[in-house]
Amino acid sequence: MSVLTRHEILKAISSGDIHFTPEIDKFQLQPHAVDLRLGYKFLIPRNWTVDEKGRRAIKVAIDDASTHQEQFDEVQLKDGQYFDLLPNEFVIGTSLERIEINAMNLMAVLFPRTSTNRRGIDLSLSGIIDTGYKGNLIFPMQNEAGDQVIRIYPGERVCQVIFQELNMSLTPEEANMHGITASKYTDSNSQNFVLDKEEERQFLTSGKLEELKKKFEI
């Protein structure tokens with residue numbers, strides 16, 4: 001597996017093997033990576049609600065798909081507006097760019113930029129962008145700069161993508177198969193929350209890991 005250089009990235013963009021919307025600019029193109037810019041949408045976890053019982057703490061229950069999205073408030077900024085990341089606050093940011101990996105012999109890996117980490121923003125991410133992926137990306141962000149408020153603006157370059165060429169091309173069906181079912185994030189909206197395979201979770205939460213391994217052995 002090899003990493004694409006600047007020249008190869010430009011060639012892949014020109015051929016449509018890789019596509020960005022909006023298109024990347026000269027600031028974003030690195031010797032062997034592409035910087036991604038921060039988008040306008042942020043999701044902030046809720047930790048309390050008011051109901052008939054009073055002001056009640058929300059306990060994150062990721063097993064409950066019906067309430068998972070409701071535990072986040074959405075902030076949609078406009079041009080010229082900023083987002084103050086409060087001390088120790090955790091939010092989910094989104095990429096400005098929608099990325100498409102159309103070549104069946106390419107994948108990508110997402111890394112935080114060191115300049116982002118130096119500001120005290122923890123982007124604790126190093127994720128795989130699968131062959132055939134189409135959509136925006138999400139960034140878990142936390143302010144770890146002590147008591148300081150960190151002001152961030154849409155359009156800032158916050159992370160980078162490294163593209164890698166596979167030793168063997170995948171078919172579209174192979175690229176879309178993750179475990180035993182189709183990918184949950186291919187052609188995704190970055191604000192969709194999708195739980196891991198429900199059948200798998202039922203085995204795990206019931207303490208039946210050994211049964212799971214036997215039923216789904218390769």
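Here, each number is a calculation from the coordinates, and none is a lab measurement. Quick caveat: nothing in here was measured; it's all calculated off a predicted structure. Cβ sites come from the backbone with ideal geometry, for glycine too, and all protein chains shown count toward neighbours.
Residues in the stretch 1-31 that are hydrophobic (A, V, I, L, M, F, W, C) and either on the phi > 0 side of the Ramachandran plot or outside any helix (DSSP H, G or I) (or both) were compared, and the one that is surrounded by the fewest Cβ atoms within 10 Å (Cβ to Cβ) is Met1. Filtering Phe111, Phe163 for residues that are in contact with a strand residue (DSSP E or B) (Cβ under 9 Å, 6 or more places away or on another chain), under 18 Å from Arg6 (Cα atoms) and buried (at least 20 other Cβ atoms within 10 Å of the Cβ) leaves a single hit, Phe163. Listed by first and then second residue, the pairs linking a residue in the stretch 5-32 that is closer than 17 Å to Gly132 by Cβ to a residue that is among the basic types (Lys, Arg) and surrounded by 13 or more Cβ atoms within 10 Å (Cβ to Cβ), with Cβ atoms under 9 Å apart and 6 or more places separating them unless they lie on different chains, are Asp17/Lys11; His19/Arg98; His19/Lys134; Phe20/Arg98; Thr21/Arg98.
Scanning the stretch 118-143 for residues that are crowded, with 16+ Cβ neighbours inside 10 Å and part of a loop (DSSP other than H, G, I, E, B) gives Arg119, Leu123, Asp130, Thr131, Gly132, Tyr133, Asn136, Leu137.
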